[in-house]
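Please read the structure below before turning to the comments.
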Amino acid sequence: MVNTYNIYRFRISNLKKLIDKAISVGLIKQKEKDIDDYKMCFYFSKGLEGSPIWWWETYRQFFDEAVDEPKNKFYYGLLICIKNIKNPDFGFAITLGKSHFYVNKFIERNFGIELAIRIANEETILLKKSTYFSGSKKQEISSYKNFIKDSYEPGESVDHLKLKATDKDVWGAKNIIFADSIQMDIDKKPEELAHIFDKIILAMADTQSIRLPKREMVTDEELTLNLDCVLFDYLKRNDASLRLEEFQVYGVNFCFSFTEYNYKIATKIGRKHLLKEELGNSISIEAISKYVKAYPKIKSLNDLVITFDIEDKGSKFTRPLKEILDIYIQSGDVHYFLSNGDWCCFNQPFLSYLRDSLNNIDLKIQDPLDENDYLEWLSVKKDKIEKGEYVENKLTYREYYFNEKKSNEEGYELLDRELTLINSIENKKKKYKLEIADLYKDGEIISVKISAKDKELIYNIEQSKDALELILNGGVKSDKEIKYASLWFVFEQDIKRITEKNSIQFLLALQSWKKLVEHYSITPRIYFSKHINFKN
């Protein structure tokens, strides 16, 4: 008889927490068996009271008088399996029903994906779910008839795969789902799973056979604590970005999150939620920062929780704040970010796909910007302005000097400060101004940014994207032919390749820009001028 098994792996250090959580949600220990060198203990939701049916009161008058109030009962179970050896590092958990929600905090993230890159046949991929860290789409589920090896997009992190194993004698010939868990359909009883567990242990020690771009979890506890402290300081300074995910993945189950909730923030002390405050029907870093500043006794990011509530449907649940925050933190050459509350970093294949894509953009190294030349120009122009002498305009900032110089010496049409009024999405809001570009010549439109700050460079990239979309979609009238879209960066670091700029946020923004440009069948280019003799 073929059975479906959803297998997670967890660290033994989390065993007590996992069991405590299981008991707290109504899972009661049943039989414990020793089978093939594994201790197998089963937990079941015995004595389940059931959940209220929200429409019972609404339609009660249509029920017979003898009918008692019904309750929805969805039973669930959990099988915990640990190898009988001295000081095991890991155990396995098989979830039944909704118990996968409860083990989520204690399992080894990406266990299934880590197994897939060692045992799976990449060319048999039928389904792939990925998170995208560049471009407009954030997450996507793709299905395939014939998957081409290594055909992953730059900026893509694979979270979920459905494909076959290479060794069918060991893993069977059917498709296996790999994510935080592995889901297998095999002709084995639960008592016969020890063989599968042993094969998993051996396989996880093998070398990787698939070059899969993905995020990797931070397991160093000291590093995790340091990152938490940095993020908490960011929150107090109101310097982070927040995103509610379109959907989250727990093992092989997709859990969709919605945005029509009312929100509350609170501080978790023990099992109680104290210092509760209403946030209304939207959630922002500003509101969280204000809350943290109002209560100095709050010392840890992990104490903060958010309650989601839809009153008319009786839907209510609480999530740790850390699970819904989206932020990057760089330490050395490594960039860390949060994924469902866990600190992660990108693996080497992810960085390689991104690097290869960006280094394919035509990079033109240009003459440097000499700060001394700019200061001399600035002094002369300011002197003329103060004396009331004729000047074409009173613009004195660095980028205007740079753009004017390129216009005079190389024949570029100067677009700097040519602003276009854009209608606001909101009818009652005022129009806002958008700078379309800085320079134009021979079908090439160029946006220039002089800055060493990643935030300002990224803003320039995003502004270029907005301008291109408006022009190419007819939102802005333009008689200019556009064959090339270019970015001209000026900063102090000396680079030969754009990927030498060590900022993952900058590089991901650049990849997003490249993708948009190529979507419109336009050629992307990058210009670079080193900023010399500049003193902060």
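Looking for whichever is within 25 Å of C345 (Cβ to Cβ) and either without any contact (Cβ under 8 Å) to a residue 24 or more places away in the chain or in contact with a helix residue (DSSP H, G or I) (Cβ under 6 Å, 6 or more places away or on another chain) (or both) here; the options are A485, A509. Which one fits?
A509
Do you know which of the residues in the range 285-342 that are more than 21 Å from the chain's Cα centre (by Cα) and under 30 Å from N502 (Cα atoms) is surrounded by the fewest Cβ atoms within 10 Å (Cβ to Cβ)?
The qualifying residue surrounded by the fewest Cβ atoms within 10 Å (Cβ to Cβ) is S300.
When the range 434-492 is examined, which residues are found to be more than 28 Å from the chain's Cα centre (by Cα), under 18 Å from I526 (Cβ atoms) and part of a loop (DSSP other than H, G, I, E, B)?
Once the filter is applied, which keeps residues that are more than 28 Å from the chain's Cα centre (by Cα), under 18 Å from I526 (Cβ atoms) and part of a loop (DSSP other than H, G, I, E, B), the range 434-492 yields A437, D438, D442, G443, I482, K483, E492.
In this structure, does K137 turn out to be at pLDDT below 95, over 26 Å from the mean Cα position of the chain (by Cα) and not in a strand (DSSP E or B)?
no
Can you go through G26, G47 and tell me which one is surrounded by fewer than 13 Cβ atoms within 10 Å (Cβ to Cβ), of a type in the set (G, A, S), closer than 30 Å to G91 by Cα and without any contact (Cβ under 8 Å) to a residue 24 or more places away in the chain?
So the residue among G26, G47 that is surrounded by fewer than 13 Cβ atoms within 10 Å (Cβ to Cβ), of a type in the set (G, A, S), closer than 30 Å to G91 by Cα and without any contact (Cβ under 8 Å) to a residue 24 or more places away in the chain is G47.
So in the range 335-349, with the set limited to residues that are in a loop (DSSP other than H, G, I, E, B) and either of a type in the set (F, W, Y) or touching a Lys or Arg at 6+ places or on another chain (Cβ under 7 Å) (or both), which one is farthest from Q208 (Cα to Cα)?
Across the range 335-349, the extreme among qualifying residues is G341.
I'm checking my understanding of the structure. Among residues of the range 449-467 that are within 26 Å of S478 (Cα to Cα) and among the acidic types (D, E), which one is surrounded by the most Cβ atoms within 10 Å (Cβ to Cβ)?
Checking each candidate, the answer is D466.
For the range 396-436: of the residues being touching a helix residue (DSSP H, G or I) at 6+ places or on another chain (Cβ under 9 Å) and at pLDDT below 75, which is surrounded by the most Cβ atoms within 10 Å (Cβ to Cβ)?
Result: D416.
Which pairs turn up if I take residues in the range 95-122 that are assigned by TED's automatic domain parsing to the domain that holds Q183 and at positive phi and look for partners that are among the aliphatic types (A, V, I, L, M) and assigned to a loop (DSSP other than H, G, I, E, B) with beta carbon separation below 8 Å, at least 6 apart in sequence or on another chain?
Every condition considered, the pairs that remain are N110/A179.
Would you pick out the residues in the range 350-372 that are over 30 Å from I210 (Cα atoms) and in contact with a helix residue (DSSP H, G or I) (Cβ under 8 Å, 6 or more places away or on another chain)?
L363, L369
For the range 496-519: of the residues being in a loop (DSSP other than H, G, I, E, B) and at pLDDT 95 or above, which is farthest from I329 (Cα to Cα)?
If we take residues in the range 496-519 being in a loop (DSSP other than H, G, I, E, B) and at pLDDT 95 or above, then K496 is farthest from I329 (Cα to Cα).
The values are calculated or read from the model by the stated rules, or taken from the named source; none is laboratory data. What you see is a predicted model, and the numbers here were worked out from it, not measured in a lab. Virtual Cβ from ideal backbone geometry, glycine too; neighbours counted across all protein chains shown.
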